[in-house]
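The values are calculated or read from the model by the stated rules, or taken from the named source; none is laboratory data. All figures in this text were calculated on a predicted structure; none of them were measured in a lab. We place every Cβ from the backbone using ideal geometry, glycine too, and count neighbours over all the protein chains shown.
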Amino acid sequence: MKKIQTVKKLRSTLAAWREAGDTVALVPTMGNLHKGHLSLVSLAAEHADHVVVSIFVNPTQFGPGEDFERYPRTLEIDTRKLSRVRVDALFTPTIDEIYPRGIDQATIVTVPGLSDDLCGKFRPGHFSGVTSVVSRLFNICLPDVAVFGQKDYQQLMVLQRMVEDLHLPIRLIRGSTEREADGLAMSSRNNFLDAGQRATATVIYRTLEKLAADLRAGQRDYSVLEAAAAANIQAAGLAPDYVAVRNAENLAIPDARSTRLVLLAAARLAGVRLIDNVLLDLPA
Ligand code: PAF
């Protein structure tokens with residue numbers, strides 16, 4: 001695994017691979033890698049000749065008062081984990097490398113509408129930060145495919161829209177959410193929770209599963225179901241931002257005949273914001 005910090009070096013490495021006719025998969029991350037990230041890396045290896053993993057804690061996707069400063073930076077441990085799976089290059093740029101004019105002067109890439117819904121309502125500017133950094137990583141790396149986790153479902157939808165709108169010849173691949181044995185979705189932010197809080201946090205997934213069961217049983221009053229689910233999360237001691245039933249293809253509000261759904265939730269516990277989602281296919 002080559003360890004690369006600069007755009008110039010990454011570009012020359014990738015150019016040599018491309019000259020040989022090889023394809024490239026990119027797995028963008030912010031580090032503090034867990035099993036979920038490693039499964040994305042393995043998935044990437046199934047879709048291209050070379051795998052590039054980036055680790056960059058992107059300042060532009062954190063709002064004021066969010067956890068940019070305390071976001072866990074664990075490069076040494078991450079590098080060790082990545083050396084046990086198939087990675088050809090690990091790209092760990094500095095902030096100056098990605099935003100050479102500083103973050104205040106940086107060109108911003110924004111996907112309107114979709115970025116302001118759901119999590120975007122509670123984290124204004126977050127998705128513009130994501131699209132601004134991922135578009136740079138795409139331009140630097142020019143991958144054939146890029147792999148993102150389903151846990152960040154809205155992020156995936158926003159990035160898919162960006163790829164389509166900008167005519168980027170990059171295929172996005174979705175890796176499924178890895179879960180702890182009790183159902184808690186794996187996330188770097190779980191590290192901020194103690195054992196008791198982690199157990200409490202499982203209410204999010206259990207609530208989404210119950211919501212899925214209610215929908216399978218034929219209930220279709222989405223706003224009533226969403227309110228009941230949020231109340232259930234709140235009763236466990238979390239502060240829910242939202243629970244939403246949406247169309248899985250585009251995150252639009254579904255109608256009673258929609259069959260491909262995604263059930264999403266975001267809630268805060270002990271100052272930590274947790275998200276999760278469940279896909280649901282209903283019979284037509
Ligand atoms: O999902 C993440 O870890 C980040 O949002 C990403 C895609 C690496 C962009 O910084």
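The residue of the stretch 63-94 that is surrounded by the most Cβ atoms within 10 Å (Cβ to Cβ), among those that are in a helix (DSSP H, G or I) and of a type in the set (V, I, T), is T79.
Counting the residues of the stretch 177-202 that are out of contact with any strand residue (DSSP E or B) (no Cβ under 8 Å at 6 or more places or on another chain) and either of a type in the set (A, V, I, L, M, F, W, C) or closer than 20 Å to V262 by Cβ (or both) gives 6.
Cβ-Cβ contacts under 6 Å between residues 6 or more apart (or on different chains), taken from a first residue in the stretch 44-72 that is in the same structural domain as I103 (by TED's automatic domain parsing) and modelled with pLDDT of 95 or more to a second residue that is of a type in the set (S, T, N, Q) and more than 10 Å from the ligand (Cβ to nearest atom), are listed as A48/T23; D49/T23; I55/T92.
Could you run through the stretch 102-133 and say how many residues are assigned to a helix (DSSP H, G or I) and surrounded by fewer than 18 Cβ atoms within 10 Å (Cβ to Cβ)?
Number satisfying all stated conditions: 3.
In this structure, V24 qualifies as away from the ligand (no atom under 14 Å from the Cβ), surrounded by 15 or more Cβ atoms within 10 Å (Cβ to Cβ) and modelled with pLDDT of 95 or more.
I'd like the full set of residues that are within 15 Å of the ligand (Cβ to nearest atom) and not in a helix (DSSP H, G or I), limited to the stretch 27-50.
The answer is V27, P28, T29, M30, G31, N32, L33, H34.
Can V57 be described as within 13 Å of the ligand (Cβ to nearest atom) and over 23 Å from S115 (Cα atoms)? Judged against the criteria, V57 is not a match.
Scanning the stretch 140-157 for residues being in a helix (DSSP H, G or I) and within 10 Å of the ligand (Cβ to nearest atom) gives a total of 2. Screening Q160 with (1) without any contact (Cβ under 8 Å) to a residue 40 or more places away in the chain; (2) more than 24 Å from P72 (Cα to Cα); (3) away from the ligand (no atom under 13 Å from the Cβ) gives one miss only, at (3). Out of G125, G120, one residue alone is within 14 Å of the ligand (Cβ to nearest atom) and touching a helix residue (DSSP H, G or I) at 6+ places or on another chain (Cβ under 6 Å). It is G120. Considering the conditions (1) at pLDDT 95 or above; (2) within 16 Å of the ligand (Cβ to nearest atom), R179 is excluded by exactly one of them, (2). Of all residues in the stretch 120-147, those that are under 13 Å from the mean Cα position of the chain (by Cα), among the hydrophobic types (A, V, I, L, M, F, W, C) and closer than 21 Å to A252 by Cα total 2.
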